[in-house]
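Before any comments, here is the structure.
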Amino acid sequence: MGWRLPTIYLLDFKLKKMEASIKECLPLIQGLQKGLQKRFGEFMEDPELISATILLPKFKTSWTDKAHVIKAGMDYILHHLDAIKVTQQNDSQHDASDEDDFFSSIKTVCPLQAGTVSVVKTPKPCDTTLAFCSSLLELGAGRELEGPACWAR
């Protein structure tokens, strides 16, 4: 997305340069310039595309000499940075209980319980491990199993 505008601006620049030096093909060059403006004119002023180009280290602000274009892109970037900052401030104002309870909504799948898949909501990781080990014990009843100490429980 960030390569589009430098390509269009460079093509426009080269056509203007050719316009001054090549007199025989002047109608062709002017037709190409008009077509370029007609097809890509709205893209050349789009702040999102301008900011995408500015954020590419290869181009930064060197692809155009139009100050109003660079200003529009920079304003777009700064506006979005401010919006992100406000969102982060709002998110950081949540109470600590949300952070303590962050993993409480994780659901653990125990595929070995009674041969079916069941979803168990477990707020404590040790409960999940015990349920898994119990399921393995049920499956391995009457068989010699080697493994973690919880299998031999």
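Considering only Cα-Cα distances, which of the following residue pairs are longer than 32 Å: Lys34/Lys58; Lys14/Lys85; Lys16/Lys58?
Long pairs (Cα-Cα over 32 Å): Lys14/Lys85.
Hey, what do the phi angles of region 18-32 turn into as Karplus ³J(HN,Hα) couplings, whole Hz, using 6.51/-1.76/1.60 and θ = phi - 60°, x for Gly and Pro?
Computed from phi, the couplings for region 18-32 are 5, 4, 6, 9, 10, 8, 5, 9, 4, x, 5, 5, 5, x, 5 Hz.
For a footprinting-style exposure proxy, rank Met1, Met44, Met74 by other Cβ within 10 Å, fewest first.
Met1, Met74, Met44
Rule-based calculations on the coordinates, nothing more; no lab input. All of these numbers come straight from a predicted model, not from anything done at the bench. A quick note on method: Cβ atoms are made from the backbone with ideal geometry, for glycine too, and the neighbour counts reach across all protein chains shown.
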